[in-house]
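Trainee: The following block contains the structure, expressed as structure tokens.
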Amino acid sequence: MSITQDQMVATTSRDLEDLIGKAIKKIGGKKENDLCRYLPMTSGGYMHHFTLRKMKTQLPQKLSEMIKTFITNTERPVTVAPKQRAARGSRKKKDHIVLTKSDIDHILQVARSAGDKELVRKLTPKKDLRTIKRELISSIRNGKVEQELWNIYSETAIA
């Protein structure tokens, strides 16, 4: 860049800083980011503070025009409504299978009859160690040995 271009950039950045200062004072803000809510974007909503910083260095002329149009040259600057966004949790997975309690019980019964211990373990609701101990002691008192209950106890006690 030549000396005149350097001087031109310096004066435009100084002018932009003065304009930003006046705009902040007009809206009653405390910092530069407060201006963002008054600058609308073409995609909807107001300007993001990162965009403001980027425009300040890359497109100072456009930023100064926007500030003049929406803040300094208006009698009462108006805040821009935020961009409409999807509600949290609105994206639902479509491949989710809904099983009722009776469906799970039926699958458990089929898995037990087939001898699929891994599937039975996955579908059986998790119990705390005290409950498992209590059930194991009561089964021993009744004279029944439940191998599955012992396996669950040993897995839970180790973890």
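The values are calculated or read from the model by the stated rules, or taken from the named source; none is laboratory data. All of these numbers come straight from a predicted model, not from anything done at the bench. Note: ideal-geometry Cβ built from the backbone for every residue, glycine included; neighbour counts use all protein chains shown. SASA here: full protein model, heavy atoms, side chains in, ligands and nucleic acids out. Shrake-Rupley method; radii C 1.70, N 1.55, O 1.52, S 1.80 Å.
Trainee: Let me confirm something: among Lys83, Lys127, Lys133, Lys68, which residue is more than 30 Å from Ser13 (Cβ to Cβ) and either assigned to a helix (DSSP H, G or I) or in contact (Cβ under 8 Å) with a residue 40 or more places away in the chain (or both)? Give the derivation first.
Mentor: Details: Lys83 fails: more than 30 Å from Ser13 (Cβ to Cβ); Lys127 fails: either assigned to a helix (DSSP H, G or I) or in contact (Cβ under 8 Å) with a residue 40 or more places away in the chain (or both); Lys68 fails: more than 30 Å from Ser13 (Cβ to Cβ).
Lys133 is the lone residue from the list that is more than 30 Å from Ser13 (Cβ to Cβ) and either assigned to a helix (DSSP H, G or I) or in contact (Cβ under 8 Å) with a residue 40 or more places away in the chain (or both).
Trainee: Just to be sure I understand the filter: pairs with C-beta atoms under 9 Å, separated by 6 or more residues or on different chains, first member in the range 12-32 and under 16 Å from Thr57 (Cα atoms), second member hydroxyl-bearing (Ser, Thr, Tyr) and in a helix (DSSP H, G or I). Which pairs pass?
Mentor: Note: pairs meeting the criteria are Thr12/Ser64; Ser13/Thr57; Asp15/Ser64; Leu16/Ser64; Leu19/Ser64; Leu19/Thr72; Ile20/Ser64.
Trainee: Assuming Leu123 fulfils every condition listed in (1) open to solvent by 90 Å² or more (accessible area, probe 1.4 Å); (2) within 28 Å of Thr100 (Cβ to Cβ); (3) of a type outside the set (Gly, Ala, Ser) apart from one, which condition is it?
Mentor: The one condition Leu123 does not meet is (1).
Trainee: Consider Ala157 against the criteria (1) more than 30 Å from Leu16 (Cα to Cα); (2) open to solvent by less than 70 Å² (accessible area, probe 1.4 Å); (3) out of contact with any helix residue (DSSP H, G or I) (no Cβ under 9 Å at 6 or more places or on another chain); (4) of a type outside the set (Ser, Thr, Tyr): it satisfies all of them except one. Which criterion is unmet?
Mentor: (3) is the only condition that Ala157 fails.
Trainee: Same structure again: Do you know which of the residues in the range 80-118 that are surrounded by 13 or more Cβ atoms within 10 Å (Cβ to Cβ) and under 35 Å from the mean Cα position of the chain (by Cα) is nearest to His49 (Cα to Cα)? Walk me through how you get there before you give the answer.
Mentor: Applying the first criterion (surrounded by 13 or more Cβ atoms within 10 Å (Cβ to Cβ)) to the range 80-118 yields 80, 104, 107-108, 111-112, 116-117.
Then drop every residue that is not under 35 Å from the mean Cα position of the chain (by Cα), which leaves 80, 104.
Numbers: Val80: 14, Ile104: 51 Å.
Top of the filtered list is Val80.
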